[in-house]
Amino acid sequence: MAIEEIEIELPASISLNALPEQAARVIQKADRRWELFCGIQGNRRLPRFVPSEADLVFAAIDVVTQHDLPPGRVFCEWGSGFGTGTCLAALLGYEAYGIEIEPELVDIAKDMARNLDIPAGFLCTSYLPEGFESYSGVGGEDLVRARTFAYPGWCRD
């Protein structure tokens with residue numbers, strides 16, 4: 001199946017009061033955990049961490065679900081951080097999984113899902129396929145084959 005771009009319109013932000021109660025609770029818990037994490041960590045920066053707008057993540061998953069756009073009901077969040085998106089997808093009926101390389105964040109995500117009784121799974125690993133690495137390219141990170149990678153059965157000079 002090819003990747004297909006789907007145009008959807010979302011508001012700039014959504015009030016937590018406009019979200020279902022469980023979704024608002026996930027976002028509030030994640031925000032509190034983020035504040036606690038930042039307080040403990042000080043100004044420590046996590047490599048390649050990109051925050052998201054959880055209300056918009058919920059809205060986007062909800063829209064594609066309502067329009068029956070996904071070919072199935074399995075959700076995988078690459079670089080899941082605190083697992084907010086993964087938990088929100090689970091609330092919308094997805095079999096939801098998060099992949100995160102930072103062990104501390106995986107522990108926080110697992111704890112939040114467990115405390116909120118949300119059936120979401122988290123794996124502590126890189127989402128980059130074996131034999132690939134990333135580098136800072138123009139406009140962000142680009143995925144490239146590692147120089148040490150050899151295709152099985154191929155000879156290297």
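The values are calculated or read from the model by the stated rules, or taken from the named source; none is laboratory data. The model shown is predicted, which means the values in this text are computed figures rather than measured ones. With ideal geometry, Cβ positions are generated from the backbone for all residues, glycine too; neighbour counts draw on all protein chains shown. Surface accessibility is based on the protein's heavy atoms, side chains included, excluding ligands, DNA and RNA. Shrake-Rupley method; radii C 1.70, N 1.55, O 1.52, S 1.80 Å.
Just checking, how many residues over the stretch 78-112 are within 15 Å of Phe58 (Cβ to Cβ), modelled with pLDDT under 95 and assigned to a strand (DSSP E or B)?
0
Conditions: (1) open to solvent by 80 Å² or more (accessible area, probe 1.4 Å); (2) at pLDDT below 90; (3) among the aliphatic types (A, V, I, L, M). Ile14 meets all but one. Number of the miss?
Only one criterion in (1) open to solvent by 80 Å² or more (accessible area, probe 1.4 Å); (2) at pLDDT below 90; (3) among the aliphatic types (A, V, I, L, M) is unmet by Ile14, namely (1).
Among the residues of the stretch 113-127, write down those that are in contact with a helix residue (DSSP H, G or I) (Cβ under 7 Å, 6 or more places away or on another chain) and in a loop (DSSP other than H, G, I, E, B). Working first, answer last.
We begin by selecting, within the stretch 113-127, every residue in contact with a helix residue (DSSP H, G or I) (Cβ under 7 Å, 6 or more places away or on another chain); these are 113, 116, 118-120, 122, 124.
Those that are in contact with a helix residue (DSSP H, G or I) (Cβ under 7 Å, 6 or more places away or on another chain) and in a loop (DSSP other than H, G, I, E, B): Leu116, Ile118, Pro119.
So is Glu133 at pLDDT below 95 and assigned to a strand (DSSP E or B) or not? Spell out the reasoning first.
Details: at pLDDT below 95: yes; assigned to a strand (DSSP E or B): yes.
In short, yes.
Output the number of residues of the stretch 17-34 satisfying the condition of being free of Cβ contacts under 8 Å to residues at least 40 places away in the same chain and surrounded by 11 or more Cβ atoms within 10 Å (Cβ to Cβ). Can you show your working first?
The initial filter retains those residues of the stretch 17-34 that are free of Cβ contacts under 8 Å to residues at least 40 places away in the same chain, namely 17-19, 21, 24, 28, 31-32.
Keeping just the survivors that are surrounded by 11 or more Cβ atoms within 10 Å (Cβ to Cβ) gives 18-19, 24, 28, 31-32.
Qualifying residue count, the stretch 17-34: 6.
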